Each structure stands twice: as structure tokens, then as C-alpha cells.
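Here is the structure we will look at, set down as C-alpha cells.
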Amino acid sequence: MNKTTTGDADPVVAPAGAAPADGKGPAMSSERLAQFEDEVAKLKVTGGGVNPERLGAKWGIGLTIVGFVVAVIAWFSANGAGNMADINRSQIWAVIGVGISIVGIAMWVRNSITRYLRYWIIRLVYEQREQTEAIVKALKEK
Amino acid sequence: MTVPVLELSAIRAGYGRIDVLHGIDIALHGGEVFALLGPNGAGKSTTLAVACGAIVPSSGSLFLCGRDVTGCATDAVARAGVCLIPEGRGIFPNLTVGENLRMATFTGARYRDVVDRAFTQFPRLGERRRQTAGTLSGGEQQMLAMARALATDPAVLLIDELSMGLAPIIVEELYEHVRSIAASGLSILIVEQFAHEILGIADRAGIMLHGRLMHSGPPSSIADELAGAYLGGER
């Protein structure tokens, strides 16, 4: 293969082997090809291996823990505080911590449900396919 | 010198920690038909899964029109114009033919246009518009899968084992359709176990064995290598 790459982001591609330059295959319409190139240029490349729901659920768990830790620290801080200003400051931090935890829980629930529903619909499709095939087979046998 | 519309470069990929592909290089040019042949378990379907973005390679890159799109979401790659007809047809058996075609409107195409195009290319589907897809014959189901794919106006078509489980006469009819699709200038990467029909259509072909592309070139050169590859493994 005659491919050379000058870095990950900017590959220089040379055709490998015989291109359809042998004249056998008709060239794709240039309009469609240009449209395809435009669509490809718009693609967002994530870098691979990213599962948005799993990532979202992990972030949710992380935020919940961080929020809880912030709230606990604020509680201890308020306990040892000698004046109202410090207590107020700790209260604000506690509210922020609880808020972060709530956001984390919401993210975890949302992404977990999405993952579950995705698997559920795939299972449903496969089950329905098997059922239909069984019914068709039974009808043909009759 | 043209940039391939789809290119797999040094692809290693598999399922979990087990690699099935061990460094695959394939370049598909505009308007070209590339036939990927090989016995069961050679990694042909996995290659297509990488090409459509369904499997992210553990190393190597997927290029579309020269742009590295490795790791792009599968639906984004499909919307861009890379369409897979999976092994086993990939239709919704409990939906009617019309409802299956409606599923092809995800790209934003109008239902009427999708249906018109599908029924013009496959008139038999028009007669079975309200029939449940699962009750169609194997050949008609494959036609429906092709119609659904073509309705999205793809730039690159990936076809996995068109002939699977079908009678030779039906396979011949389906390959007539592939021939006319290829003549319209669509780029096609087609996977097959049985080479006879596809080598007559392909511009280039490759033989896969044990996750590696062992030979590639014009169909005439591949035909000589086929028997050895299937019967004797690596030579």
C-alpha cells in the first residue's frame, strides 16, 4: 500500500494498488462526491472508543461523590466555626456541594436509563425477529 | 492521483481484547467496486463494521475522502453517506415493507421520495407494500434491505454477504441489481464468501484470511489465488 502519513491529523493519501483508473468503474458523480466531502468535513471526530452514556454515567457518579465530599467538608467547617460569617460561608459551600450531588445523580439516572433503553430496544428487535421467523416457519410447515 | 472515498489503513480491530483484524489496508475509490472475499471467520464482516464506524479499531485509521474519521459516531458516518447492508438483511421483520422504508427517512429524505425510488428499482416490493417484512421471501427481504439502503442516497455502500441463505437464481437476480447500482457510479465495498458472481462485477478484489488481506488486485488475478486460499489457507 502506497500510503504515507504525515502526522495523525493530516494524512497524505496516495491510492493503493490499482484505482478504478483502469476505466472499468464509472466515476461517482462529482456533485454527490462533493456533497459527501462536505458531509465528511462536518463530522465530529471524538477520537474513538467513547461511549457517551457510559461516560455520562461515570461523570454523574463522580459529581455525586465530589458534591457529597464538599458538603461534608462544609459541615465540619461550620461545626468548628467561631462566627456567623464563617458559618454562612460553610452553608454556601454545603448548598453548592448538595447542588453538585443533585446534578450528578440526575446525570447518572439519565444516562443509565438511556443505556438500559438502548439495550432493551436491541433485545426487543432481536426477540421480535426470532418470533417472526418462528411464525413464518410454522406457517410454511402447515 | 485521487483520494480514496473510503480507506482503511493498518486496521487492527476486534471484539473486547481479542483482535480479529491484524493490519488491514483497503482503499476504495470513487465509483469503484471492491470485492472482499474469504472463508468464514476471515474477518470480512468485522472489516465492514470498522468501515461504517460500528467498531472502533484498536489501532490504525479510517479515512473518508482523505479525512481521518476514526472514532466518529456510527450514525454520523451513516448520515454522511456510508451505508451498510448487514449480513442477515437487517430489516425489521415485524414492520411492513412501507414501514421499513420509512426507517430510511432518518437522513431527512422525504418518505414519498424514498418509496418512489425503492419501488422503481424493486417493483416487486411495491406489490408487497403492506406485507409484513418477515413474511417476504429471502430474496425479497434482501431487496428490501437494498432498497432501504439506496433510499438514503449513499456515497459508499457496504454490502455484507448478499448471497447468504439464498438460492443461486435469486443471488443472480440480486447481483443484477448490484451491477446496475455499480453502473450508476456508487462506490461499493462488498463482502462475499462465494466469488463467482461478484468477480464479474468488481473492479478490484481482495482475499482475506485470518484477519489479513492476503492478496488484492484485479479480479482476474484473484481468481487464480482463490482456490488455494479457501482450501489451503495461507500460501
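I need the shape label for region B:102-206. Rule: rounded when a/c is under 1.5, else prolate if a/b > b/c, else oblate, with a, b, c from the alpha carbon gyration tensor. Kindly include the intermediate steps, with their values, before the conclusion.
On the way: a/c = 2.10, a/b = 1.32, b/c = 1.59.
Oblate, since a/c reaches 1.5 and b/c is not below a/b.
Take the alpha carbon atoms of the protein assembly as shown, find their radius of gyration, then divide it by 2.2 N^0.38 Å using N residues; give the quotient. Numbers along the way, then the final one.
Values: Rg = 25.5 Å, N = 377, 2.2 N^0.38 = 21.0 Å.
Working it through for the protein assembly as shown, the quotient is 1.22.
Suppose R0 equals 25 Å; then what is the FRET efficiency for B:S59 and A:Y116 from their Cβ-Cβ distance, rounded to the nearest 0.05? Mind showing how you got there, number by number?
On the way: r = 32 Å, r/R0 = 1.26.
Efficiency, from the Cβ-Cβ distance: 0.20.
Pull up the cross-link candidates among the aspartates and glutamates for A:K142, meaning alpha carbon to alpha carbon under 20 Å and not fewer than 8 places away within one chain.
Within the straight-line cut-off, A:K142 pairs with A:E130, A:E133.
Return the distance in nm (one decimal) between the two label points of a simple spin-label model at A:M84 and B:H22, each offset 7 Å from Cα along Cα→Cβ.
For the pair A:M84/B:H22, the computed spacing is 7.7 nm.
For chain B, set up a GNM with springs between Cα atoms under 10 Å and report which of B:S184, B:S163, B:S216 has the largest fluctuation.
Fluctuation is largest for B:S184.
Rounded, prolate or oblate for region B:5-70? Axes are the square roots of the Cα gyration tensor eigenvalues, ordered a ≥ b ≥ c, and the cut-off for rounded is a/c under 1.5. Don't skip to the answer; put the middle values down first.
On the way: a/c = 2.18, a/b = 1.24, b/c = 1.75.
It is oblate, given that a/c is not under 1.5 and a/b is not larger than b/c.
To two decimal places, what compactness ratio does region A:51-141 give when its Cα radius of gyration is scaled by 2.2 N^0.38 Å?
Numbers: Rg = 24.0 Å, N = 91, 2.2 N^0.38 = 12.2 Å.
Relative to the rule-of-thumb radius for its length, region A:51-141 sits at 1.96.
Write out the trypsin sites (Lys or Arg not before Pro) in region B:80-139 meeting two conditions: DSSP loop, and at most 16 other Cβ atoms within 10 Å of their Cβ. Walk me through the numbers before you get to the answer.
Numbers: sites: B:R89, B:R102, B:R110, B:R112, B:R117, B:R124, B:R128, B:R129, B:R130; in loops: B:R89, B:R110, B:R128, B:R129, B:R130.
Here the trypsin sites (Lys or Arg not before Pro) that fit, given the DSSP loop and packing criteria, are B:R110, B:R129, B:R130.
Any chance you could give the angle, 0 to 90 degrees and rounded to 10, that helix B:219-232 forms with the longest Cα principal axis of chain B?
Tilt relative to chain B: about 70 degrees.
Going by a ≥ b ≥ c, the root eigenvalues of the Cα gyration tensor, does chain B fall in the rounded group (a/c under 1.5), the prolate group (a/b larger than b/c) or the oblate group?
Details: a/c = 1.75, a/b = 1.38, b/c = 1.27.
Since a/c reaches 1.5 and a/b is larger than b/c, the shape of chain B is classed as prolate.
Just read off the accessible area of A:Y119 with the full protein assembly in place, 1.4 Å probe, to the nearest 10 Å².
130
Cα extents of region B:145-235 along the three principal axes, largest first, in whole Å?
Answer, in whole Å and largest first: 42, 28, 22 Å.
State the extension gain, in nm to one decimal, for the chain segment bounded by A:E31 and A:K44, taking 0.36 nm per residue of separation less the distance between their alpha-carbons. All intermediate terms of the calculation are to be shown ahead of the outcome.
Numbers: separation 13, 0.36 × 13 = 4.68 nm, distance 2.25 nm.
2.4 nm is the gain from fully extending A:E31 to A:K44.
The values are calculated or read from the model by the stated rules, or taken from the named source; none is laboratory data. Quantities reported herein were computed from a predicted structural model and do not represent experimental measurements. Please note: Cβ atoms are built from the backbone with ideal geometry, for glycine as well, and neighbour counts cover all protein chains shown. Side chains are part of the model used for accessible areas, which takes the heavy atoms of the whole protein and leaves out ligands, DNA and RNA. Shrake-Rupley method; radii C 1.70, N 1.55, O 1.52, S 1.80 Å.
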